[in-house]
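Enquirer: Quick one: this structure, given as structure tokens, is what I'll be asking you about.
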Amino acid sequence: MEGNLASTLAVRADTYGWSDRPLFYADDTAISHRKVHDAVTRASGVLHAAGVRRGHRVLIALPDSVGFVAAFLGTLRLGAVAVLTGPEQSAAEHAYFLADSAPQAAVCVPELAPRFPSVHVLTADDLTDEPAALPEAAEVEPDAPAYVQYTSGTTGKPKGAVHRHADAEVYFEALGVGALGITHEDVVFSLSKACYPFGLGASVFFPMLSGASSVLWSGPPGVVGAVEQARAHRPTLFFTVPTWYARLAGADPAVPVRAAFSSLRAAVSAGEPLLPSLADRIEEVFGCPVLDGLGSTEVGHTFVSNTVSRRRRGALGVVLDPYEIEVRAEEHANGALPPYARTAAPGEQGILYVRGPSVMTEYLGKPDKTAEVLAPDGWLRTGDLVHADEDGFVHHHGRVLDQVTVSGERVSPLEIERVLGQYPGVVEVAVVGGTVPGEPLQAFAVLDTELTPSDGLERELISLARARLPEHKVPGSVTFMVELPRSGSGKVRREILGRGPGAGRDEDGSFR
């Protein structure tokens, strides 16, 4: 079992005396480390009886629950590879993942079973059966493939990033220990679900590697539900994306957000840029520091972050050990990027590259796509525009692929979004190019409950942009929205906004 992550976690709980401590809180039930690892062993037996063997893949589409953890680690215990998807994802997305990963089996909620007609389908309840035999944990090397997580697909078809058995402990040490100082006394609560990288680390690996506990909430994220979970379980660390921080901070005063989250010692943000104005509001409401950071599916989790002891408003944070980064000023030649580019000078904007032990081995079955972002020497091109200041803090300027051309200049929407986000009551902003070349930029804004959308407010926001930005960066319009369209992992779907007014909406106004 050397290197097998499922076995390593079980041994760790036993070695450090955590076996009878609560590991997960699900609804009103506390589940101990011992019971979880017993469930993992039993699930591995059921999966083995279903024909799953070392090297096979198992697609998992379950909500956050002990069943999810049992299916996930039960797969790893056999030396098989877990393919993680969200149960809320569409039939088309599941069909794509099924075809792309070619699994031996799928574990899903019963109503999703018809989506996986070509494989052996099991439910979480099936995994609780007593199998005829309990196979020994497979002996795998630490660098053996363990799980696949798909990119958000906001810039093309999703790609499956392949991670190893050893990767979880790397990013746990980086963020969990290095940035947060997590201990066995912490209670973690993540609104980001465990099928996605941010949630998998927070809800599953961080508590299992530290002896802490976490809240497994199977329901869809919502302000009232999140408050109920926080009141019941008193989390000390909270993980979510800026959208949900904005919703919680702007909740109706009758919803006791401040009291529910008063036990927090830190809140962690990732997935999208965190506007400084929103960060200020979060700290006021939650009464604890909010730590912005940057991670990616390809790295597994966060590799640049503010920490409980070192943070700077408006910056992504510092590079977390053991990762290393380079900011490269890429020179364009005949429209193509060179394989390597010069290192940017201090303070100079460039493309962010990262290298470290948890960087993916490949995009599943896509060697050409892998070669576009991952060099043989281990450097991963993230596609983020950043600069590093003299103190080592990394500052974000948006994504290369989000840039738009205006008046012959490449413009980063994030620059305009930060200006509009300074207006009191504006909690989220997204800026995209016009629907046809030559049209001005379009802005989309979400307001808190204190502001009412109006033509006058639109004019004020445009005037604010005009006072602080060159004319070609001033949006021609501001559209007010209840929420921005987002992927399951929380990223803004700019391609929907860029289709023009009403694009991508169903008759009820919701996004597809």
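Enquirer: Sticking to Cα atoms, compute the Rg of region 226-281 to one decimal and its Dmax as the biggest Cα-Cα distance, whole number, in Å.
Expert: 11.0, 30
Enquirer: While we're here: So, in Å, what gap is there between the alpha-carbon centers of region 439-459 and region 246-261?
Expert: 23
Enquirer: I want to check the label-to-label distance for Ala102 and Arg459. Put each point 7 Å from Cα in the C-beta direction and report it in nm to one decimal.
Expert: Here the answer is 6.3 nm between the modelled labels.
Enquirer: Calculate the length of the line joining the C-alpha centroid of region 77-135 to that of region 346-420, in whole Å.
Expert: After rounding, the separation between the Cα centres reads 34 Å.
Enquirer: Using amide H atoms built 1.01 Å from N in the peptide plane, name the residues 5+ places from Gly55, or on other chains, whose amide H lies under 5 Å from its own.
Expert: When sequence neighbours closer than 5 places are left aside, the close amide H contacts are Ala80, Val81.
Enquirer: So which lysines can Lys193 reach, going by Cα to Cα under 24 Å and dropping same-chain residues fewer than 8 places off?
Expert: Lys35, Lys157, Lys159, Lys491
Enquirer: Over region 87-196, what is the relative contact order in whole percent, taking alpha-carbon pairs under 8 Å and six or more residues apart?
Expert: Averaging sequence separation for qualifying contacts and normalising by length gives 15 percent for region 87-196.
Enquirer: Compute the Cα gyration tensor for region 406-497, then decide on rounded, prolate or oblate, letting a ≥ b ≥ c be the square roots of its eigenvalues: rounded whenever a/c is under 1.5, prolate when a/b is larger than b/c in the other cases, and oblate in all that remain.
Expert: Verdict is oblate for region 406-497.
Enquirer: 5 Å is the cut-off here: which amide hydrogens, built 1.01 Å from N in the peptide plane, fall below it relative to Phe24, excluding neighbours closer than 5 in sequence?
Expert: For Phe24, whose amide H was placed from the backbone, the distant partners under 5 Å are Ile31, Ser214.
Enquirer: To test your reading of the geometry: what angle, between 0 and 90 degrees and rounded to tens, separates the Cα axis of helix 33-49 from the longest principal axis of the chain?
Expert: 80
Enquirer: Right, next: When a/c is below 1.5 the answer is rounded, else prolate if a/b is larger than b/c, else oblate, so apply that to region 106-146 with a ≥ b ≥ c taken from the square roots of the Cα gyration tensor eigenvalues.
Expert: Here region 106-146 falls in the oblate category.
Enquirer: What share of the DSSP beta bridges in the chain is antiparallel, in percent to the nearest 5?
Expert: 55
Enquirer: Take the Cβ-Cβ distance between Arg313 and Arg466 as r, set R0 to 30 Å, and report the resulting FRET efficiency rounded to the nearest 0.05.
Expert: Efficiency computed from Cβ-Cβ geometry: 0.75.
Enquirer: Still on this structure, please answer the following. Can you say what percent of the DSSP beta bridges in region 406-497, counting only those with both residues inside, are antiparallel? Round to 5.
Expert: Antiparallel: roughly 60 percent of the beta bridges in region 406-497.
Enquirer: Divide by every residue of the chain the summed helix terms, -39500 (n - 2.57) for each DSSP H run of at least 4, and state the resulting mean residue ellipticity at 222 nm, rounded to the nearest 500 deg cm²/dmol.
Expert: -7000 deg cm²/dmol
Enquirer: Please work out whether region 5-159 counts as rounded, prolate or oblate from its C-alpha gyration tensor, where a ≥ b ≥ c are the square roots of the eigenvalues and a/c under 1.5 means rounded, while otherwise a/b larger than b/c means prolate and anything else oblate?
Expert: prolate
Enquirer: Using Cβ counts within 10 Å as a stand-in for footprinting exposure, how do Phe189, Phe116, Phe97 rank, fewest first?
Expert: Phe116, Phe97, Phe189
Enquirer: Using the reciprocal of the averaged 1/r over all distinct C-alpha pairs, how large is the Kirkwood radius of the chain in Å?
Expert: Value: 23.6 Å, from the Cα pair sum.
Enquirer: While we're here: How would you rank His37, His233, His395, going from fewest to most other Cβ atoms within 10 Å of each one's own Cβ?
Expert: His395, His233, His37
Enquirer: Let me ask something else. Hey, how much of the P(r) for region 167-400 falls beyond 31 Å, as a percent of Cα pairs?
Expert: For region 167-400, the fraction of Cα-Cα distances above 31 Å is 24 percent.
Enquirer: Please report the relative contact order for the chain, taking Cα pairs under 8 Å with a sequence separation of at least 6, and give it as a percent rounded to a whole number.
Expert: Reported relative contact order: 11 percent.
Enquirer: Would you mind putting 120-130, 266-276, 73-83 in packing order, based on average other-beta-carbon counts within 10 Å, highest first?
Expert: Per-residue mean Cβ counts within 10 Å order the peptides as 73-83, 266-276, 120-130.
Enquirer: Expressed as a rounded percentage, what relative contact order does region 406-497 have, with Cα pairs under 8 Å and six or more residues apart?
Expert: 29
Enquirer: Could you give the angle, 0 to 90 degrees to the nearest 10, between helix 223-233's Cα long axis and the longest principal axis of the Cα atoms of the chain?
Expert: With both axes taken from Cα atoms, the answer is about 50 degrees.
Computed from the coordinates by the stated procedures, all read-outs in this text should not be read as laboratory data. Every value quoted in this text rests on a predicted model; they were computed, and no experiment measured them. Cβ atoms come from the backbone with ideal geometry, glycine included; neighbour counts cover every protein chain shown.
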